[in-house]
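The values are calculated or read from the model by the stated rules, or taken from the named source; none is laboratory data. Everything numeric in this text was worked out from a predicted model, so none of it was measured. Don't worry about glycine lacking a Cβ; one is built from the backbone with ideal geometry, like all the others, and counts go over all protein chains shown.
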Ligand code: LLP
């Protein structure tokens, strides 16, 4: 469910015509619906009902401060994977005690910052990382709360680049080595074992891989308890998929039922790290047609957004629906097969290939749907293009939540060396 719909022949976000925002702010831009963000958060939260749970929104999906603070206002915490994401979460007002820190490559500075913030737990991904956290906590006379990220070797049946729970992936500790690592962790003086963590991949469209992974994690927790290592939290990661095309991923309620069905009698507080399921279908990328070009074998629609603005189609060959902002009706819907491409100097710069679209002309606006997750956060300045604004619609109004970059922003961190030969003074 989302709040983008046609009304009076044009695309609206909530109660605002998208074209009106384009007129005032220019293109391209990311547009998020406040109503959809809130609805998605609440649906996820309510799906777990009275079960002891904490949503730790996965900041990497869409890290704008206003998005994080919106979820925080609804009770959400954060899942962060870098010092930068930790900074954002704290800046957005998220309590340290609601932040979990995942990732295979935490640095000394990042671990220290997380200790200072008093985070809920580190999701430890290697034996060496565990030792470093212990050492850094000791220097601060602290005890660091940790869970170990388990790699359960379950196939999430998703794109290989976003599958993380297979033994061939770099993530987590093989489940076969988990008990000995936990035993070691339990004996480290500046470590407190608090949980078990497991994230197997992203854009999952079935519940069965979640269930399989949780079955394995549950057995591990039972074994740890037999060894007198108590586990308070079970972090089930993120990964719930959304509809981009014809996928029918489980609804939050089905996902929650499946999870609770496995972990019901464990007595652990649940932590979940949803990203895409909260923000994916709450955002679109709005772009304008610059030119249309009839090629020898293909027809191109050249737009003002490229792979630097939205890389998912190029990187994962991901399908994202594209719709015209003015509604085409009747005879006009004489669709043509086109490639929608950007201005970047790469043949891999496309937003869609071989796509049926109505006859577009220069100046038409297009909306790339389902762009709220891993859209802006994966954008770059490649080809020295300015990163685009992020805008949020709230009912009949909109708010720019990140301004369009300027050329000065582009070179702000650069230092231009003066190469002119120095004139010797006598
Ligand atoms: N927790 C951990 C430890 C993760 O690595 C991820 C995503 C999440 C939670 C959130 O997963 P979600 O609920 O969003 O599926 N750039 C890719 C997706 C990469 C996901 C990386 N990890 C894409 O555009 O499809």
Here is a list: 85, 25, 14. Which entry is in contact (Cβ under 8 Å) with a residue 40 or more places away in the chain and at negative phi? 25
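For the stretch 1-119, which helices (runs of 4 or more DSSP H) that fit wholly inside it have 1 or more residues that are at pLDDT 95 or above, surrounded by 21 or more Cβ atoms within 10 Å (Cβ to Cβ) and within 16 Å of the chain's Cα centre (by Cα)?
On the way: elements: 18-25, 34-47, 65-73, 83-91, 108-117.
The qualifying helices (runs of 4 or more DSSP H) are 34-47, 65-73, 83-91.
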Of everything in the stretch 183-219, what is farther than 22 Å from residue 280 by Cβ and either within 16 Å of the ligand (Cβ to nearest atom) or surrounded by 21 or more Cβ atoms within 10 Å (Cβ to Cβ) (or both)? Give them in sequence order. 185, 191, 193, 195, 196, 197, 214, 217
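Restrict the check to the stretch 395-402 and report whether at least one residue is over 24 Å from residue 319 (Cα atoms), part of a loop (DSSP other than H, G, I, E, B) and in the same structural domain as residue 325 (by TED's automatic domain parsing).
yes
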